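Q: I have a structure here, written as structure tokens, and I will follow up with some questions on it.
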Amino acid sequence: MMQLNRDIHIIQIYDNSYEYGKNEKSYSERKHKHQWKEFIYSKSAIIKNKKLIINKEKINFLDISNTNVIIIVDYNVNNEYEILEKFNFMNILDYAEYFDKNDLEKMQILNKHLKKIQYIFQGDFIIKPFEWECLSLKKNENINVYLNWNNWDMNLIPKRDNFKISKLGINKPIEIKINGKKDYKERIFIEKDCIVEYLGKINEYELVDNSKAYFKKIIPKNRKVINLVKVLY
């Protein structure tokens, strides 16, 4: 266990975003594939007894001694391998290489791409807001969530004005739903669906081996839903 000389804000994000084509345009036809799970198993980090426990293999370039906010991003999936496909961490060329290999080589390729996934981010609220996808987290007296549409994908339409979405209270999660579309060979619809929760502050942390990092996290049910989804054609 390591003690810090100051407090660090911890924010948890659960990502359930997805893309779909015209053949899945009807929500009733796709909702069963994108429902929130009751819980997930995370390989990243978790707070237990007011202490942050971190998988040492997932910290990337995290420098805890020089940050005042840590954002943990987990995905609404059954396992890490689902993240690669659902969240586009593998492209067409990656899959072309994958399908020509035997089972052992396929697993090696998947594990290589798993290392690209960043689960834990750091920021400094004093210097600048923290940007994640189309959201901006800023701290004044409170931590607030803003829409930062142009930070996401410049090709998305319709264009949207940036604005304050909500204040983050401790253990008062909010779910943000927002969508857009773009044309790339064919029309693609994108729906950003995420839960953001401020977990408070910590001043202790512990690094654990990957083999011990298997954290059960309950998806918050009592959450405020902010639905910014528009009807798109």
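The values are calculated or read from the model by the stated rules, or taken from the named source; none is laboratory data. Just so we're clear, the structure is a prediction, and the values are computed from it rather than from any experiment. Backbone-built Cβ (ideal geometry, glycine too); neighbour counts: all protein chains shown.
Q: Name the residues in region 180-196 that are in a strand (DSSP E or B) and more than 18 Å from residue 77 (Cα to Cα), would you? Don't jump to the end; show me each part of the working.
A: Within region 180-196, the subset in a strand (DSSP E or B) is 180-184, 186-196.
Selection gives 180, 181, 182, 183, 184, 186, 187, 188, 189.
Q: Going through region 200-212 one residue at a time, which ones are closer than 23 Å to residue 7 by Cα and either small (Gly, Ala, Ser) or under 15 Å from the mean Cα position of the chain (by Cα) (or both)? Walk me through how you get there before you give the answer.
A: At the first step, the residues of region 200-212 found to be closer than 23 Å to residue 7 by Cα are 200-208.
Answer for region 200-212, where residues must be closer than 23 Å to residue 7 by Cα and either small (Gly, Ala, Ser) or under 15 Å from the mean Cα position of the chain (by Cα) (or both): just 200.
Q: Still on this model: Could you check residue 211 against (1) closer than 21 Å to residue 15 by Cβ; (2) outside any loop (DSSP other than H, G, I, E, B) and say which number it fails?
A: (1)
Q: Of all residues being among the basic types (Lys, Arg) and part of a loop (DSSP other than H, G, I, E, B) in region 158-177, which is surrounded by the most Cβ atoms within 10 Å (Cβ to Cβ)? Just the residue, please.
A: Step one: list which residues in region 158-177 are among the basic types (Lys, Arg), which gives 159-160, 164, 167, 172, 177.
Within this subset, residues satisfying the condition of being part of a loop (DSSP other than H, G, I, E, B) are 159-160.
Values: 159: 9, 160: 17.
Ranking the candidates gives 160 first.
Q: Quick one: residue 169 ticks every box in (1) within 15 Å of residue 13 (Cβ to Cβ); (2) at pLDDT 95 or above bar one, so which box is it?
A: (1) is the only condition that residue 169 fails.
Q: Given the condition without any contact (Cβ under 8 Å) to a residue 60 or more places away in the chain, in a strand (DSSP E or B) and more than 17 Å from the chain's Cα centre (by Cα), answer yes or no: does some residue in region 145-157 qualify?
A: yes
Q: I need a count of the residues in region 52-93 that are more than 17 Å from the chain's Cα centre (by Cα), surrounded by 15 or more Cβ atoms within 10 Å (Cβ to Cβ) and not in a loop (DSSP other than H, G, I, E, B). So that I can check it myself, show each step before the final result.
A: Of the residues in region 52-93, the ones more than 17 Å from the chain's Cα centre (by Cα) are 52-53, 56-57, 61, 63-68, 91-93.
Those left that are additionally surrounded by 15 or more Cβ atoms within 10 Å (Cβ to Cβ): 52-53, 57, 64, 67-68.
Right, trim to not in a loop (DSSP other than H, G, I, E, B) and you get 52-53, 64.
Qualifying residue count, region 52-93: 3.
Q: Anything in region 34-49 that is modelled with pLDDT under 90 and exposed (fewer than 15 other Cβ atoms within 10 Å of the Cβ)? List them, or say none.
A: Correct list: empty.
Q: Confirm whether residue 64 is among the aliphatic types (A, V, I, L, M) and touching a helix residue (DSSP H, G or I) at 6+ places or on another chain (Cβ under 8 Å). Steps first, answer last, please.
A: Details: among the aliphatic types (A, V, I, L, M): yes; touching a helix residue (DSSP H, G or I) at 6+ places or on another chain (Cβ under 8 Å): no.
So residue 64 fails the test.
Q: To continue, here is another question. Looking at this structure, is residue 216 of a type in the set (D, E, K, R), closer than 26 Å to residue 4 by Cα and within 18 Å of the chain's Cα centre (by Cα)?
A: Here the answer is yes, as residue 216 does meet what is asked.
Q: Hey, residue 177 hits all of (1) in contact (Cβ under 8 Å) with a residue 40 or more places away in the chain; (2) over 27 Å from residue 79 (Cα atoms) but one; which does it fall short on?
A: (2)
Q: Among the residues of region 139-157, which ones are modelled with pLDDT of 90 or more and surrounded by 16 or more Cβ atoms within 10 Å (Cβ to Cβ)?
A: Those that are modelled with pLDDT of 90 or more and surrounded by 16 or more Cβ atoms within 10 Å (Cβ to Cβ): 139, 143, 144, 145, 146, 147, 148.
Q: Confirm whether residue 102 is more than 30 Å from residue 69 (Cα to Cα), surrounded by fewer than 11 Cβ atoms within 10 Å (Cβ to Cβ) and within 23 Å of the chain's Cα centre (by Cα). Break it down stepwise before answering.
A: Values: more than 30 Å from residue 69 (Cα to Cα): yes; surrounded by fewer than 11 Cβ atoms within 10 Å (Cβ to Cβ): yes; within 23 Å of the chain's Cα centre (by Cα): no.
It is false that residue 102 is more than 30 Å from residue 69 (Cα to Cα), surrounded by fewer than 11 Cβ atoms within 10 Å (Cβ to Cβ) and within 23 Å of the chain's Cα centre (by Cα).
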